[in-house]
Amino acid sequence: MIVTIGNTKGGVGKTTLAVQVALTRALAGRDVWLIDGDRQGTAQTAVAIRAEAGRKPGVACSQYADGPVLRAQVQQQGRKFDDIIIDAGGRDSTALRAALVLSDVLLVPFQPRSVDVWALGDISALVEEARSLRDGLRAYAVLNCADPGSASTDNADAAAALADHPQLAHLDAPVRRRKAFANAVGQGLSVDELAPRDAKACEELAALVRTVFEGQDAVILQSR
């Protein structure tokens, strides 16, 4: 399964989410390839820190910020892996456009801020374009760095604003603003591996991953 975590808006926490999703799948026994499609290379740095520390399981990671190269590499090597997670840069790039055409799922993280909600129109247009080239792309928007309070009106207002963007389905598995996520990525870890353990962060990440992959995992279990 190929999952792109991307948004044309920067600063929404997509790299942290991409690394966490990739590590969660690897810890579940999946053979994972994390592709860093951002020229900054932050995801690749996190995986390198993990490798240097000798943490297991390892995660394969490559950096392809050029769209044609990303597309060619996935087409050539993608079958070697169970899951491919693509961290696409926070702008309208050739890498993001290539990833959308290749992916089964697009996960669009956005924060409960007006500027993030306003920017959803740009990624929605790219989703429409990708679907005109390839059928089957499932696109979800998920609140990331959401306000910790479960009754936050900002969270609810941001989720409600998705009604203006029918290209994006609301994934009701918010990831809230917690230091554990940033601390974990800085050490090349999943929040499940971080000590002390933040149970709420772990629960939120597990819910997100379960929701994104539940259909695929059900098929895998039935085939065994």
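FYI, it's all coordinate maths here, none of it is from the lab. All values derive from a computational prediction rather than experimental measurement. Neighbour counts are summed over all protein chains in view; Cβ atoms, including those assigned to glycine, are modelled from backbone coordinates with ideal geometry.
Can you give the charge dipole size of the stretch 2-223 about its Cα centre, rounded to the nearest 20 debye, using +1 on the beta carbon of Lys and Arg and -1 on the beta carbon of Asp and Glu? Please list the in-between numbers first.
Details: 24 positive and 27 negative charges, 105 e Å.
It comes to approximately 500 debye.
Of the residues ALA163, VAL108, ALA130, the one whose Cα sits farthest toward the positive end of the charge dipole of the stretch 97-193, with +1 on the Cβ of Lys and Arg and -1 on the Cβ of Asp and Glu, is VAL108.
How big is the antiparallel share of DSSP beta bridges in the stretch 2-223, given as a percent to the nearest 5?
Values: 0 of 27 bridges.
Of those bridges, close to 0 percent are antiparallel.
Just from its helices, what would the mean residue ellipticity at 222 nm be for the chain, if runs of 4 or more DSSP H residues each count -39500 (n - 2.57) and the sum is divided by every residue, rounded to the nearest 500 deg cm²/dmol? The helix contribution divided over the chain gives -14500 deg cm²/dmol.
In summary, the lysines within cross-link reach of LYS200, defined as a Cα separation below 28 angstrom excluding same-chain residues under 8 places away, comprise LYS9, LYS14, LYS56, LYS179.
Reported to the nearest whole Å, the Cα centre-to-centre distance from the stretch 49-111 to the stretch 123-159 is 19. Using the average count of surrounding beta-carbon atoms within 10 Å as a protection proxy, the listed peptides 124-135, 2-13, 171-182 rank, highest first, as 2-13, 171-182, 124-135. Start at zero, step by 10 Å, and the Cα-Cα distances of the chain spread as 8, 36, 39, 16, 1 percent across the bins.
Of THR16, THR42, how do they rank once you tally other Cβ atoms within 10 Å and put the fewest first?
Working: THR16 24, THR42 16.
Going from sparsest to densest Cβ surroundings: THR42, THR16.
Each Lys and Arg contributes +1 and each Asp and Glu -1, all at the Cβ; summed about the Cα centre of the stretch 67-177, the dipole is approximately 420 debye.
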